[in-house]
Amino acid sequence: MARYFYVYVARYSRNNLEIGRSLGVWGWRSDALSLHSKPDPRSSRDVARSMAVGDFFILASGGSPGPRTPQEKFVAGTLSEIIITRISKPLYRSDRRVWPDDVYPERVGLTVVDSVGPVNGQRLGVEAMQALQRSGNTRGVPVAAEPVALESLILTEEEPSEDPLDLDGDLDALVEVRRRREQRRLRHRKFGLREQITCDLCGRSMPVRLVAAAHIKRRAEASRDERLTLENIMAACLLGCDALFEHGYIHVDSAGVIRASQRAHGNADEATRSLTGRRCTAFSARSRPFFEYHAARHGHPWTDAAGHTDYAWLTDAWTLIRDAEDAGRAP
């Protein structure tokens, strides 16, 4: 049976949280894992070592009040975001830099399941909130505690209930229901009641059922706010454009022009040639950061984006992760 571990991420580490979410990795300083989070008699290193593939790893950030307040106030407070993940690689050590402020060599691999927020402490549960408070007061070490009711987090009362919920506790099914509901709302906000939609990549007009409301920054790597903002959504036809963009065969440069990846060969190369040089109609000042992220993620960091976020670290980190996966070892 999967166990549950909780980690509180301080506000000043929010950038590190976004990097960890994007790359599927979390880490600690070595000296932090020598600490004890009372009342657990084990060291934090022993707790981290006990985490196995498939265990739940709950990351929480922000909110009010902070973990240094009295317990009853923290438990009754609100967290900005909860990121539900599962351990994909047990504790390992790596000195390769992923985060900009420190190495954090003690690491675990993660698979992001979903993220929700804001979350009231009562909804998360007293024991989970107490575990997060202990983590926050002990340099963000992992704390083992009782399971949280994931259904109550993933499927909120505010969401429409068009899908049947006879899911038998299947987490993947719960997440899929939430994803479908979210996609319906995004499509309605983006496309309205139009029957014909123009693809933002190829410029062809086609029936709405043949066009996806596609995330520019991948849903699994985006925060809840990023998932729901229309600036991170574009119209991408299902006749090739959606898949070519999602898998990085094409990207959008800093001028909003579609460029092809050198990885495209054969029929994929032919498909990308027809798009290369076109202007992406979803590109704007507000969608620009999402296109910059997508380009960097697929190895095409912008070199002329003065004054904009530098995602060179992301390209390097993804290269390390992909190399490690290919070699069947930890980065």
| field | Förster radius 45 Å - calculated FRET efficiency between Ala149 and Arg259 (Cβ-Cβ, nearest 0.05) | value | 0.50
| Computed over the Cα atoms, what is the radius of gyration of the range 4-147 divided by 2.2 N^0.38 Å, N being its residue count? | 0.95
| field | Net +/- balance of residues flanking Asp31 in space, Cβ distance below 11 Å, scoring K and R +1, D and E -1 | value | +2
| query | What nm distance separates the two modelled labels at Arg96 and Asn137, each placed 7 Å from Cα along Cα→Cβ? | reply | 3.8 nm
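How do His294, His36, His300, His247 line up, fewest other C-beta atoms within 10 Å first?
Working: His294 23, His36 16, His300 20, His247 13.
Taking fewest neighbouring Cβ atoms as first place, the list is His247, His36, His300, His294.
Can you sort Phe245, Phe290 by how many other beta carbons sit within 10 Å, fewest first? List each step's numbers first, then the result.
Working: Phe245 26, Phe290 23.
Fewest to most other Cβ atoms nearby, the residues stand as Phe290, Phe245.
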| said: Taking the alpha-carbon distance from Lys73 and a cut-off under 23 Å, which lysines remain once sequence neighbours fewer than 8 residues away in the same chain are dropped? | reply: Lys38
| query | When only Cα pairs under 8 Å and 6 or more residues apart are kept, what is the percent relative contact order across the range 4-147? | reply | 36 percent
| request: Mind checking which lysines have their Cα closer than 25 Å to the Cα of Lys89? Skip sequence neighbours fewer than 8 apart in that chain. | output: Lys217
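Work out the FRET efficiency for Val53 and Leu239 from their Cβ-Cβ distance, taking R0 = 56 Å, and round it to the nearest 0.05.
Computed FRET efficiency for Val53 and Leu239: 0.90.
Every number in this text was worked out from the coordinates using simple rules, so none of it is lab data. Only a predicted model underlies this, so the values are computations on that prediction, with no experimental measurement involved. Positions of Cβ are generated from backbone atoms using ideal geometry, with glycine treated the same way; all protein chains shown enter the neighbour counts.
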